[in-house]
Amino acid sequence: MTDLQASLIVIGGAIVVAVISYNKWQEYKAKKSVERAFSSSHDDVLMASGDEAIATPVYADRLEPTLSGGDGNEESFVRAESTESQDLDAQHDAPVDMMPPAEEKELPVDYLIDCTIPLALTTQLRGEKILSALQSLRHVGSKPVHFAGQHIDGGWEAITHGGIYKSLMAGVQLANRSNALNELEYSEFVMRLRQIADDFDADPDVPDMAEVMVTARSLHHFVTEYDAKLSVNVQSNGAPWSVTTLLAALERQGFDVRPEGRLVMPDGDGGVLFSLSTNVTLAEDTTSRLTLLLDVPVVAPERDGFGAMIACARSLSSRLDGTVVDDSNQPLSDASLNEIGGQIEIFYADMEAADIPAGSNRALRLFN
């Protein structure tokens, strides 16, 4: 080996050692920066709720898709005008026995978003017998199927063991985020329902397929018009953050970590307020960007999911030396956030008028 070759080997080894040392030092700095960010004892905006989360309300960053109220094709799903005020006054003055009946509890079969088919029974049936037969019909394609029963006392309810029912109602969901109920799915639903009806000696009242398809497409149009998700990002101003340390700190702040690496902020009642992504796989050590995402139609307005998401983004940017930016990496101004906030209020009002309030069970089923 010549002196030149030996020198090159020594120089190459020195470069490799330097690169490894530099990477280790960067990893150490990323970990320590996150640890310092979450070690302070000041009030934590991430854990606050309601009015405590935001001193001055601010609203979203960008809008994709737009939060406009659509083009009017969802008109068939808009709630009818309420009774006039004098009628309401008359109800208050009416005797107890003339008052309208109390509103029925929420049923598995929803007359607004399901194609409903009543099944008239010739004899009363026990709930356990019905449930056993219904196990074979829970979905057609991607659309869930639900059943309700009319109890012998006349009220409708979810079918339960021990109950005795004199009539049944089947419903297949007309649309979801993916698509509308199609002819093939509807035909399968009717065919399998007829088989169950034969076992019960029941007579299903099947609606015309053409009418069902029109309603399904109209409902799916509504879903696509109001399928809105809002995101904001926190971009590092300096060195990337250690993913391992970051995930542990966010979990302590109330986030739930999902298997795919996505984090969600619970709403306190088993639902999700908003989610957070590190934008890297779990195999990577660092990240320079966090993305917070709000699924607008599935979060009730009173949860203030948008305000909580923005408060969380601002808290993270302050703790981690980052900047709240849009998807084009442009800093978000208060003016743009407030403009989107106004659109969100209109969005929620439109959903309420369509009798599909954001965050309701009806909305959760449709936007799934």
For a quick protection proxy, order the peptides 359-367, 306-314 by their average other-Cβ count within 10 Å, most packed first. 306-314, 359-367
May I ask you to compute the full-extension gain from Arg192 to Glu128, defined as 0.36 nm times their residue separation minus their alpha-carbon distance, rounded to one decimal in nm? 21.1 nm
Linear extension gain, Asn368 paired with Ser142, 0.36 nm per residue minus alpha-carbon span: 80.3 nm
Most packed first (mean Cβ within 10 Å per residue), the peptides 333-345, 238-250 order as 238-250, 333-345
accessible surface per residue for segment 144-279, probe 1.4 Å, DNA/RNA/ligands not counted, whole Å² -> 42 Å²
Could you tell me what a quarter of the Cα convex hull surface of segment 225-284 works out to, in nm² with one decimal place? 5.6 nm²
Carbon/sulfur accessible area of segment 119-200, % of total, 1.4 Å probe, equals 51 percent
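Taking 37 °C and 0.692 mPa s as the conditions, I'd like the Stokes-Einstein D for segment 114-156 in µm²/s, using the Kirkwood hydrodynamic radius from alpha carbon pairs.
274 µm²/s
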Counting only residues 5 or more apart in sequence or on a different chain, those whose built amide H sits under 5 Å from that of Leu273 are Met265, Asp267
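The values are calculated or read from the model by the stated rules, or taken from the named source; none is laboratory data. As the structure is a computational prediction, the values presented were derived from the model and not from experiment. Positions of Cβ are generated from backbone atoms using ideal geometry, with glycine treated the same way; all protein chains shown enter the neighbour counts. Side chains are part of the model used for accessible areas, which takes the heavy atoms of the whole protein and leaves out ligands, DNA and RNA. Shrake-Rupley method; radii C 1.70, N 1.55, O 1.52, S 1.80 Å.
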